[in-house]
Amino acid sequence: MRDPRMSALGKGLRRRGRLMVQAVSPPRRVSPGGRTLDGVPAQREPWRDPDADAVPPAPRLVDSPVFVLSSVRSGSTLLRVLLNSHSRIRAPHEMHLRTVHVRFSRDFTADAMKELRLDRQELEHVLWDRVLDLELRHSGKDVIVDKTPANTLVFRRLQRCWPNARYIILLRHPGAVVTSLTARRDRPDPAAIREEVLRYAEELEEARRHLDTAHVITYEDLTADPERVTRGLCDHLGVPWESGMLDYGSHDHGRFRPKLGDWSSTIKSGRIQAARGADASLELPPRLTELARAWGYPVD
């Protein structure tokens, strides 16, 4: 008969060995888009849709919500308050739907839900949809916009949840995003910041290429010519343009708080201010330079 103490000791030693191997292995600096910072394609495992066997979607209360896809520090809060100043558009603070989860506390719960044509992911989708519906009802408006930047990282799932969703892609020069993030962080890590910006940029490029009906704008254009850009946005959303959108400071947008969007003095001023550019001494990694050119930005 095996001594349980020796068995536990063996498991502990094996686990310690695995941790030691991980500790000495170099980290992989690869973006989710499958490229390194140098733009070299990384070796990837064969992909299989994890939701290929998912249950059919339930009916949605909000059929065609609008999602802003952007990087962090790209002016999405300014875009939010401009849209929220419209009499028919509700654009609340960042909603972080992707972090709202459903958990089954018993083993048989999954079977019970499957009999109702629901699984965990679809239950989350139903919950997300109900959150949007409640927010629309509270606002008395008929178009809802969620501008959470992290939605960019899960836009494929948003497509599965809302097949009729509409998208606004908000771009900003990657160098300016790096500069803004660096200024915002208390102890900025230049390499980590570049990798974070690249992660968002890769997903934005995927969305730009594959969401044929998405409306693409830039932060630079939004601040330089807000009337023209907001008129185009209103056309995309099927609502008439309102001049009061540009005077967002005269409307109530709730509190500007950390984790729910920009809370700087710039956004609190109530005025559209010129976009700041990249640090003149900043040198972008090759892949970010490549993406900046693809988006029409001049790159030295």
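What follows draws every value from the coordinates through simple rules; no lab data is involved. The model shown is predicted, which means the values in this text are computed figures rather than measured ones. Note: ideal-geometry Cβ built from the backbone for every residue, glycine included; neighbour counts use all protein chains shown.
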query: Which net charge results when you count Lys and Arg as +1 and Asp and Glu as -1 among the other residues whose beta-carbon is under 11 Å from that of GLY249?
result: 0
- prompt: Residue separation times 0.36 nm, minus the C-alpha to C-alpha distance between SER250 and PHE104: what's the value?
  reply: 48.1 nm
field: Förster-model FRET efficiency, 35 Å R0, ARG117 and ASP142, C-beta, rounded to 0.05
entry: 0.75
- prompt: Any idea how far apart THR223 and ARG209 come out in nm if each label point goes 7 Å out from Cα toward Cβ?
  reply: 2.9
Cβ-based net charge around ASP235, under 14 Å, with every Lys or Arg adding one and every Asp or Glu removing one: +2
Two-site FRET efficiency, ALA280 against ARG231, from Cβ-Cβ distance with R₀ of 35 Å, rounded to 0.05: 0.60
- prompt: Rounded, prolate or oblate: which fits the range 156-300 when a ≥ b ≥ c are the square roots of the eigenvalues of the alpha-carbon gyration tensor, with rounded for a/c under 1.5 and prolate only if a/b beats b/c?
  reply: oblate
query: Highest mean first, what order results for 60-72, 179-191 on Cβ atoms within 10 Å?
result: 60-72, 179-191
Cα convex hull of the range 59-294, projected area averaged across orientations, nm²: 14.5
